[in-house]
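Peer 1: Got a structure here, written out as structure tokens. Questions coming.
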Amino acid sequence: MARGVSPILSRSIHESPGFRSSPGRNDSPSRQLLPELDFYKKLAKLNLHDAEQQKVYYAQKCAFQDELDAREEAAATAHESEIASSKAQREQVRQQAEAALQAHIREEQRLAEANRRRQEEEDARRKAEAERRAREEEERKVRERTEQEEAAKRAEAEKARQEQERQKRRAEEAQRLESERQEQERQKAEAEAESEARAAKQRSEEAKKAATPALATTPTPTQPSTGSTSAAPADIEQEHKNYLVIHKRLKKFRVDFVESCKSNKPFRAQVGEMRRGVRVAVGQLRLDGVESNKVAMQKVWNILGTTLRDTTSPRVPVNDYLPAHHALPDNSTTLPALTIYILSILAKAVINVSITSCIDNPKAGEAPGVLTAQIFAHPDLSFARPTAPTRVSLISILLCKYHAAAPQLFGINGSETHERARIGWRAEPHGSDGRKAYVMEQTQYDRLVGLAASYAAVSLRNFSRAKNNNPYPPRHFWASLAHLVNTPPEHVQVSQLILLKSLLENSVERVVQFFGATGIAALRQALVVLPSNLPEALRGHSTVKALEIMRERWAKDLKFHLV
């Protein structure tokens, strides 16, 4: 067997059908060896090829292994690079987190420092505020003490002045009585002398005419004229007293009504809500708030409509709250007591709002006046009479307050020094004993501004196009204006001038509208003639100057000249 040939391969070659049937088997031995030699050559080539293939295989295996190693090395390198990158990223994140943490810590420290500074500032501010309040409180106490001392001094001075006035009046009265006594003695002496002369003459004539009887003559006495500085005509005084009776009666009625409500808690709560509703609605009235004023007016009327349907409170005669000259024929006409109570609350609210809001702007009295006139013009609050006036309204509930607070509007005059109660001068509790004392002059004058402005708004309403009757026609405004203007100049008081100014300040157009040329003449009498005839001491008062300024403003703004 040839070297290098495996026995299995040799056996398979000799046993193959081609080898067994080959024609060469019959050739010579040398010829027979040729194919075998070729076979061995091919086999050698085959073995060489197999060796080469193995070399190639080993070379490829090595190359593949090298490639795998290179890949593994590259993967390891990439992995290490990724690990390094990941470590770098984690380090960066850690550094960022550390930086954020440090920034957060610094921010917290900054906020804590800011809070500390703010707290210190707040503490300092509170301390300063407390010190300021304590200082203001101390200043207020000092000011109050000073004001009280000044008030006491003024009261003492006023008391001394009044005492001086009384002494002066007593001295003047004593002097007057002495003058009258002397005048009477003189007249008596003259009468005695005249009587003696007549007697002597008579004796002389009797001597001549002894037989002629004497004729006695009795002179006809003459009636002396009388006058008073503060007395008003009897009818005006009586009408004023009628309204003051209503005012006093309403005061007692309100107290008794509230007391009677305490036994009925639901009704008491309802009355309280109505009272607050009326006060809030009146307080919401605005000079330029037409729509809001309509809402407030409707709210007031809704409350009054509810009271008219009330059955809880007793019914009271309407005549109790009408002046005697407007009384109904009998007492059968009644209203629920709740209605009278709410109308009284409405009147008080209107007066209070007018006084407080008209100090700076007299036009502010217009809205309460409109509300009052329209409420009291409602048919449910007015009643028919068989004689003139044929229809009267419960507006007397409001008017009695004007009579009590500003009676000079109705011809009730008096001195501002010793007849303050007569002219409605406000008196308020003073001191711990509750004793009442008259308010200061400026306070009283401020009250009169609001009262006169709202009175003008109530009494100068135009109902020519309204279906309801005017509860207080303009003739009452004319009467009040006449009372003020026709006061003798030497008896005019500052309060009357303030009332006059506030009555006319925003009423000139309506005065001309209602009264025409007569109204213009009345305005001239009030603003031109009356101020020029005032005493010299009063002519320089600021209110007189305000009347002149008002007349100049009319000329500039309204082109309305009074000369």
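Peer 1: Calculate the radius of gyration of the Cα atoms of the range 264-467 to one decimal place, then report Dmax, the largest Cα-Cα distance, as a whole number, both in Å.
Peer 2: For the range 264-467, the Cα radius of gyration and maximum Cα-Cα distance read 18.0, 55 Å.
Peer 1: Among His418, Leu285, Leu451, which residue has its Cα furthest toward the positive end of the charge dipole of the range 264-467, with +1 on Lys/Arg Cβ and -1 on Asp/Glu Cβ?
Peer 2: About the Cα centre, the residue reaching furthest to the positive side is Leu285.
Peer 1: Separate question: Modelling each spin label as a point 7 Å along the Cα-to-Cβ direction, I'd like the Asp320/Arg126 distance in nm, to one decimal.
Peer 2: My value for the distance between the label points is 5.8 nm.
Peer 1: For Ala269 and Gln284 in the same chain, what is the full-extension length gain: residue separation times 0.36 nm, less their Cα-Cα distance, in nm?
Peer 2: 3.2 nm
Peer 1: Which one of Gln102, Ala84, Gln167 is farthest out on the positive end of the charge dipole of the range 45-181, using unit charges on Cβ (Lys, Arg +1; Asp, Glu -1) and the Cα centre as origin?
Peer 2: After comparing all options, I get Gln167.
Peer 1: Then there is this: Taking the Cα centre of the range 264-467 as the origin and placing charges on Cβ (Lys, Arg +1; Asp, Glu -1), which of Ser464, Trp301, Phe376 is farthest toward the positive end of the dipole?
Peer 2: Farthest towards the positive pole: Trp301.
Peer 1: If Lys and Arg each add +1 and Asp and Glu each add -1, what is the summed charge of the other residues whose beta carbon sits under 11 Å from the beta carbon of Val508?
Peer 2: 0
Peer 1: Right, here's the next one. Compute the distance from the alpha-carbon center of the range 344-415 to that of the range 297-315, in whole Å.
Peer 2: 20 Å
Peer 1: As a footprinting exposure proxy, order Leu538, Leu451 by other Cβ within 10 Å, with the fewest listed first.
Peer 2: Exposure proxy ranking, most exposed first: Leu538, Leu451.
Peer 1: Could I ask something else about it? State, to one decimal in nm, how far the label point of Ser464 lies from the label point of Ala75, with both points 7 Å from Cα in the Cβ direction.
Peer 2: The modelled label-to-label distance comes out at 11.4 nm.
Peer 1: To the nearest 20 debye, what charge dipole does the range 264-467 have about its Cα centre, counting +1 at the Cβ of each Lys and Arg and -1 at the Cβ of each Asp and Glu?
Peer 2: Result for the range 264-467 is approximately 480 debye, rounded to the nearest 20.
Peer 1: Could you please tell me the mean projected area of the C-alpha convex hull for the range 45-181, averaged over all directions and given in square nanometres to one decimal?
Peer 2: Taking a quarter of the hull surface, the average projection is 18.3 nm².
Peer 1: Are there trypsin sites (Lys or Arg not before Pro) in the range 298-332 that DSSP puts in a loop and that have at most 10 other Cβ atoms within 10 Å, and which ones? Kindly include the intermediate steps, with their values, before the conclusion.
Peer 2: Numbers: sites: Lys299, Arg309, Arg315; in loops: Arg309.
In loop regions of the range 298-332 (DSSP not H, G, I, E or B), the sparsely surrounded trypsin sites (Lys or Arg not before Pro) are Arg309.
Peer 1: Explain nothing, just the number: relative contact order of the range 264-467, from Cα pairs under 8 Å at least 6 residues apart, as a whole percent.
Peer 2: Numbers: 239 pairs, mean separation 42.5, N = 204.
Computed over the range 264-467, the figure is 21 percent.
Peer 1: Treat the count of other C-beta atoms within 10 Å as a stand-in for reagent exposure and order Thr372, Thr387, Thr443 from fewest to most.
Peer 2: Starting with the residue having the fewest Cβ neighbours, the order is Thr387, Thr443, Thr372.
Peer 1: May I pose another question? Considering only the other residues whose Cβ falls under 12 Å of the Cβ of Gln493, what net charge follows from Lys and Arg at +1 and Asp and Glu at -1?
Peer 2: Result for the neighbourhood of Gln493: -2.
Peer 1: May I ask you to compute the full-extension gain from Arg249 to Ile105, defined as 0.36 nm times their residue separation minus their alpha-carbon distance, rounded to one decimal in nm?
Peer 2: Extra length available between Arg249 and Ile105 comes to 43.9 nm.
Peer 1: What is the dipole size for the range 43-112, taken about its Cα centre, with +1 at each Lys and Arg Cβ and -1 at each Asp and Glu Cβ, in debye to the nearest 20? Spell out each step's value before the answer.
Peer 2: On the way: 9 positive and 13 negative charges, 25 e Å.
The dipole of the range 43-112 has a size of about 120 debye.
Peer 1: Neighbour counts of other C-beta atoms within 10 Å: give me His325, His240 arranged from fewest to most.
Peer 2: His325, His240
Peer 1: What dipole magnitude, in Debye to the nearest 20, does the range 45-181 give about its Cα centre under +1 on Lys/Arg Cβ and -1 on Asp/Glu Cβ?
Peer 2: Charge dipole, the range 45-181, about its Cα centre: 1160 debye, nearest 20.
Peer 1: Collect residues whose amide H, placed 1.01 Å from N in the peptide plane, falls under 5 Å from the amide H of Val316; neighbours closer than 5 in sequence don't count.
Peer 2: Here the answer is Leu335, Ala337, since their amide H atoms fall under 5 Å of that of Val316.
Peer 1: Still on this structure, I have one more. Could you work out the local net charge near Ala324, counting Lys and Arg as +1, Asp and Glu as -1, over the other residues with Cβ closer than 12 Å to its Cβ?
Peer 2: -2
Peer 1: Kindly provide the chymotrypsin sites (Phe, Trp or Tyr not before Pro) of the range 255-332 that DSSP labels as loop, not H, G, I, E or B, and whose Cβ sees at most 10 other Cβ atoms within 10 Å.
Peer 2: Those that pass, being in a loop and sparsely packed, number zero.
Any read-out appearing in this document is the output of simple, stated calculations on the displayed coordinates, not a laboratory observation. What you see is a predicted model; the values in this text were computed from it and never measured. With ideal geometry, Cβ positions are generated from the backbone for all residues, glycine too; neighbour counts draw on all protein chains shown.
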